[in-house]
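The values are calculated or read from the model by the stated rules, or taken from the named source; none is laboratory data. A quick note: this is a predicted structure, and the numbers were derived from the prediction, not measured. Every residue, glycine as well, gets a Cβ built from its backbone with ideal geometry; the counts of neighbours run over all protein chains shown. These accessible areas exclude ligands, DNA and RNA; they are computed on the full protein's heavy atoms, side chains included. Shrake-Rupley method; radii C 1.70, N 1.55, O 1.52, S 1.80 Å.
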Amino acid sequence: MNKLSPILLAAGLTLFSAPSFSQKKNTTPPEFSIKPSETEAHMRFLASDELMGRRTGEQGNYVAARYIAEQFRKLGVKPVASENAASPTKSYFQNVPFEKLGVNQSGEIVAEATTMKSGDDWILMTGGATDTTAALVYAGYGLENAAKGWDDYKNLDVKNKIVLVQSGTPDVQTPSEIIASSTEKRKIAIEKGALAIIELFNAPMPWNMVNKYFTGEKIGLAPESAAGKTIPHAWVNGKDANLTRALRNVKEIHFKTSGRQTKLINSYNVVGFIEGSDPKLKDEYILLTAHYDHVGVGKQGGQPFTAEDSIFNGARDNAFGVVGLLTAAESFSKVPPKRSVLIVALTAEEVGLLGSQYYAAHPLLPLNKCIFNINSDGAGYNDTTIVAVMGLDRTGAKAEMEKAAKAFGLGIFADPSPEQGLFDRSDNVSFAKKGIPAPTFTPGFREFNGDIMKNYHQVSDNPETINFGYLQKFSQAYTYAARLIADMPKAPQWVAGDKYEEAAKKLYVK
C-alpha cells in the first residue's frame with residue numbers, strides 16, 4: 001500500500017475513542033447506545049477535503065481504506081486470511097488489481113461504405129494499437145451460461161477474427177451490468193482466439209453521456225489470464241440504426257486504433273470478521289457491504305466545479321453507507337449476533353461495481369455459507385423519516401428490516417423509482433448473481449427529484465450538508481436489521497420466482 005501522510009492518519013485515527021461497554025447482562029443491543037458524535041466523526045473524516053474524493057487508485061482512497069482497517073483493529077474485529085495478502089500473515093486488505101487506461105484516442109472502423117470514427121461513433125474501452133482487416137462474426141451477447149442452457153459461441157469459429165456482440169445480458173441492460181459483463185465477454189473472446197471485440201451499446205443512457213464518461217481516463221479490472229493478455233474492445237453506438245445495420249450486414253471490416261495506454265494499479269477491499277455467538281449458527285455468516293470510493297477531484301468528477309470547490313467529497317455516496325458498516329463493527333464487536341458477520345468495505349463501485357465483482361469471484365469465506373448480504377449505498381435522501389430498501393419484498397427479511405427501522409422511529413419504503421432499476425445498480429447485484437439474497441439499504445427517498453440531484457455526484461456533497469441526527473438513526477437501523485437477520489432461526493430466501501432464485505438453488509445445494 002502506498003505511503004500515507006502520518007499527519008492525516010493521526011488526525012483520522014484519533015477522532016474518537018471507543019466507548020467502554022459493561023459486561024453485565026443487558027438485553028438492549030449496543031447499537032441502541034451509539035452516540036451521534038461517533039457517527040458524525042466517521043462522516044467528517046471519510047468525506048473530508050483531505051481525502052480528495054477517495055478516487056480508486058489514488059491517495060485519498062488508500063487513506064480511507066487505512067482508516068476503516070484501523071477502526072476494525074481498534075474494535076477487535078478480526079482480519080481474514082487472504083490469498084492476496086503481501087505476506088502469509090492475515091490482513092484486513094484484499095488487494096484488487098486494476099488496469100488504468102489513458103484517454104480514448106484516434107481510430108476508425110470501416111464496414112464497406114460506412115466509416116465510424118473513434119470518439120464519435122465508437123469508443124475503445126481497452127486494448128493496444130491495431131490496424132487490421134479481418135472477418136466479423138456475430139456472437140449474440142458473447143456469453144456462455146451452462147446453467148441457463150445457452151452458448152453464444154456454439155458452432156462458431158472466431159479464431160483470428162473480430163467478434164460482434166450485443167451489450168449487457170438478455171436480462172439486464174443497465175450501464176453497470178454492461179460494464180460488468182463486458183469484462184467476461186472480452187475474457188471469453190480472448191480464450192476463443194479472437195483478434196478484437198466490438199460491442200453494440202444499447203443501455204438506456206444517451207450516447208453523448210457515454211462519450212462524456214468513458215472517453216477519459218478509465219479504470220478496469222486487470223486481466224487475470226496468465227499472460228495478462230487483452231485485445232481491443234470497442235463500444236459502438238448501438239442506438240444508431242445505421243451503424244448497427246452496417247455491422248450486421250458485412251462479413252469483413254477494417255479496424256484501426258492507436259490504442260489506450262495502460263498502467264497497473266492497486267486498490268483494496270477492506271475485510272473484517274466477527275465470530276457468531278451460537279455454536280452451530282456461527283458456521284454461517286451475514287455479509288455487510290458498502291463502497292468507500294468516490295469520483296475524485298475536478299474533471300474526474302464529471303460535473304461542474306469551481307476553483308474554490310473542486311473536491312467531490314461523496315458524503316452521501318457513500319461515506320453514509322460506510323458509517324453504517326463501522327457502526328455495525330462497533331456494535332457486533334461488543335455483542336455478536338448468533339451467526340458470524342463478515343464486513344467488507346468495497347472499492348471501485350463508481351467505476352462499474354468492480355470491487356464487489358472482484359470479491360464475489362475471489363471470496364475469502366465460502367459464499368455458500370453466506371445467508372444474506374445487506375449492502376448500503378445511496379444517492380442521497382429527501383425524506384429523513386424513512387429508510388429505502390431495494391429488494392425489500394424480494395429477499396425474505398422484510399419483517400426484520402421493518403422492525404429495525406421502527407425501533408429508531410423510521411418508516412421503510414420499498415424500491416423507490418422502479419424505472420431506474422436500482423436493485424441492479426449497486427454492489428449487492430454482484431452477490432445476488434451468485435444466489436445470495438442481497439437488498440440495498442439506502443437513505444430515505446421516494447423518488448429521484450431535485451433534493452436528490454442537488455448533491456448527487458456534486459461538489460456540494462460534503463459533511464456540512466449532512467443531517468447528522470438522521471445519519472445516526474440510519475446507521476443504528478442498518479446495524480439492528482443485520483442483527484435481527486443474523487439471529488433468524490432459518491436463513492431468509494428469495495421469494496419464489498425471483499430472477500436470482502435459480503442461482504440460489506445452485507449455491508445452497510444441501
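Could you tell me whether any residue of the range 236-258 is hydrophobic (A, V, I, L, M, F, W, C) and touching a Lys or Arg at 6+ places or on another chain (Cβ under 9 Å)? No, that holds for no residue. Given the options I219, I198, name the one that is open to solvent by less than 40 Å² (accessible area, probe 1.4 Å), out of contact with any Phe, Trp or Tyr (no Cβ under 6 Å at 6 or more places or on another chain) and closer than 24 Å to E108 by Cα. Residue meeting the stated conditions: I198.
Test of understanding: among A348, A319, which residue is out of contact with any Lys or Arg (no Cβ under 7 Å at 6 or more places or on another chain), of a type in the set (A, V, I, L, M), at positive phi and not in a strand (DSSP E or B)?
The conditions single out A348.
Number of residues in the range 321-336 that are over 19 Å from the mean Cα position of the chain (by Cα), of a type in the set (G, A, S) and open to solvent by less than 10 Å² (accessible area, probe 1.4 Å): the value is 3. Counting only residues that are farther than 15 Å from E40 by Cα and open to solvent by 20 Å² or more (accessible area, probe 1.4 Å), the range 456-493 holds 13 of them. For the criterion of being on the phi < 0 side of the Ramachandran plot and charged (D, E, K, R), E40 passes. Here T230 meets the list (1) part of a strand (DSSP E or B); (2) open to solvent by 30 Å² or more (accessible area, probe 1.4 Å); (3) among the β-branched types (V, I, T) almost entirely, failing just condition (1). Residues in the range 449-488 that are assigned to a loop (DSSP other than H, G, I, E, B) and either modelled with pLDDT under 95 or more than 21 Å from G391 (Cα to Cα) (or both): N449, K454, N455, Y456, H457, Q458, V459, S460, D461, N462, I466, N467. Provide a single number: the residues in the range 381-405 that are of a type in the set (D, E), touching a strand residue (DSSP E or B) at 6+ places or on another chain (Cβ under 9 Å) and over 11 Å from F445 (Cβ atoms). So the answer is 2. Within the span defined as the range 408-424, one or more residues are surrounded by 21 or more Cβ atoms within 10 Å (Cβ to Cβ), in contact with a strand residue (DSSP E or B) (Cβ under 8 Å, 6 or more places away or on another chain) and in contact (Cβ under 8 Å) with a residue 60 or more places away in the chain. Taking each residue of the range 333-361 that is closer than 25 Å to R425 by Cβ and looking for partners that are of a type in the set (K, R) with beta-carbon atoms closer than 6 Å, six or more apart or interchain, yields A360/K434.
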